[in-house]
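*Asks:* For reference, the structure I am asking about is given below.
The values are calculated or read from the model by the stated rules, or taken from the named source; none is laboratory data. Values in this document were obtained by computation on a predicted structure and should not be read as measured data. Here the Cβ is made from the backbone with ideal geometry for all residues, glycine too, and neighbour counts use every protein chain on show. What goes into the accessible areas is simple: the full protein's heavy atoms, side chains included, and nothing from ligands, DNA or RNA. Shrake-Rupley method; radii C 1.70, N 1.55, O 1.52, S 1.80 Å.
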Amino acid sequence: MTALSKGQNGPLPAGPVTVTVELPAPADVSALLVTESGKVRSDADFVFFNQPASPEGAVKLVAADHVSIDLGAVPTSVQTLAVAVALDDSVPGSLAGIAGLAVGVTQPGSPTVSAPALGLSSERAAALVEVYRRGDGWKLRNVSAGWDRGLAALVTEYGVSVDDAPA
């Protein structure tokens, strides 16, 4: 198994990819399909428990902790797939307090790549890894960067609309 430290990247062969978030706490895993501008094309590019697949079906939340990606079906306008996690509101503290938080990336015929969440402090939501285009291929980067204010702050950073909480 290969391990990527924070900021490190490595190549991904073309084909299907499974991203598994190792998270021993109640949390939400999501994926965002992001354009070159760093924003989603629309709110439909936010894949999460209430919207478990991207519009074209290239990115799917297949279990609470598993994201399936068909790299060949990702629209050409999408440059990056960010896989993120956010602590459930019922969980106190931050992601830094979650021992063992990591991502495992698997592809048929290839060894698993591990990306441990490193350098987090007070964040309640974080982009853990990015799968991104590089030339004619794809790469994987350990991002481990987050937001103290949780999921709403993370997704609005990527251009997703968030309704205000009712009064």
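*Asks:* Considering only residues that are at pLDDT below 95 and of a type in the set (A, V, I, L, M), look in the range 1-59 and name the one that is farthest from the chain's Cα centre (by Cα).
*Replies:* MET1
*Asks:* Moving to a separate point now. Could you check the range 144-154 and list, in sequence order, the residues that are open to solvent by 30 Å² or more (accessible area, probe 1.4 Å) and part of a loop (DSSP other than H, G, I, E, B)?
*Replies:* ASP148, ARG149
*Asks:* Just to be sure before I move on: is ALA82 open to solvent by 10 Å² or more (accessible area, probe 1.4 Å), within 14 Å of the chain's Cα centre (by Cα) and aliphatic (A, V, I, L, M) in the structure I sent? Outline the logic, then answer.
*Replies:* Working: open to solvent by 10 Å² or more (accessible area, probe 1.4 Å): no; within 14 Å of the chain's Cα centre (by Cα): yes; aliphatic (A, V, I, L, M): yes.
In short, no.
*Asks:* Say whether the condition of being surrounded by 13 or more Cβ atoms within 10 Å (Cβ to Cβ), among the charged types (D, E, K, R), free of Cβ contacts under 8 Å to residues at least 60 places away in the same chain and in a loop (DSSP other than H, G, I, E, B) is met by at least one residue in the range 67-78. So that I can check it myself, show each step before the final result.
*Replies:* Initially, the range 67-78 is screened for residues surrounded by 13 or more Cβ atoms within 10 Å (Cβ to Cβ), giving 67-71, 74-75, 78.
Right, trim to among the charged types (D, E, K, R) and you get 70.
Applying the additional criterion that residues be free of Cβ contacts under 8 Å to residues at least 60 places away in the same chain yields 70.
Subset that is in a loop (DSSP other than H, G, I, E, B): none.
Taking every residue of the range 67-78 in turn, none turns out to be surrounded by 13 or more Cβ atoms within 10 Å (Cβ to Cβ), among the charged types (D, E, K, R), free of Cβ contacts under 8 Å to residues at least 60 places away in the same chain and in a loop (DSSP other than H, G, I, E, B).
*Asks:* Got a sec? Which of LEU128, LEU120 is crowded, with 19+ Cβ neighbours inside 10 Å, in a loop (DSSP other than H, G, I, E, B) and in contact (Cβ under 8 Å) with a residue 12 or more places away in the chain?
*Replies:* Values: LEU128 fails: in a loop (DSSP other than H, G, I, E, B).
When all the criteria are applied, what remains is LEU120.
*Asks:* Spot the failing condition for VAL91; the list is (1) open to solvent by 30 Å² or more (accessible area, probe 1.4 Å); (2) not in a strand (DSSP E or B), and only one is missed.
*Replies:* (1)
*Asks:* Is the range 127-144 home to any residue that is within 18 Å of VAL47 (Cβ to Cβ) and among the small types (Gly, Ala, Ser)?
*Replies:* Scanning the range 127-144, I find at least one residue that is within 18 Å of VAL47 (Cβ to Cβ) and among the small types (Gly, Ala, Ser), so the answer is yes.
*Asks:* How many residues are open to solvent by 60 Å² or more (accessible area, probe 1.4 Å), within 19 Å of PRO116 (Cα to Cα) and in a strand (DSSP E or B) if we restrict to the range 10-34?
*Replies:* Filtering the range 10-34 down to residues open to solvent by 60 Å² or more (accessible area, probe 1.4 Å) leaves 11, 13-14, 16, 22, 24, 26.
Subset that is within 19 Å of PRO116 (Cα to Cα): 11, 22, 24, 26.
Narrowing the set further to residues that are in a strand (DSSP E or B) leaves 11, 22.
The total comes to 2.
*Asks:* Same structure, new question: Which one of the conditions (1) buried (at least 18 other Cβ atoms within 10 Å of the Cβ); (2) of a type in the set (Lys, Arg); (3) not in a strand (DSSP E or B) does ARG141 fail to meet, given that it meets all the rest?
*Replies:* Against the list (1) buried (at least 18 other Cβ atoms within 10 Å of the Cβ); (2) of a type in the set (Lys, Arg); (3) not in a strand (DSSP E or B), ARG141 comes up short only on (3).
*Asks:* Still on this structure: Pick from the range 35-61 the residues that are touching a residue at least 24 places away in the same chain (Cβ under 8 Å) and among the charged types (D, E, K, R): which of them is least open to solvent (accessible area, probe 1.4 Å)?
*Replies:* ASP45
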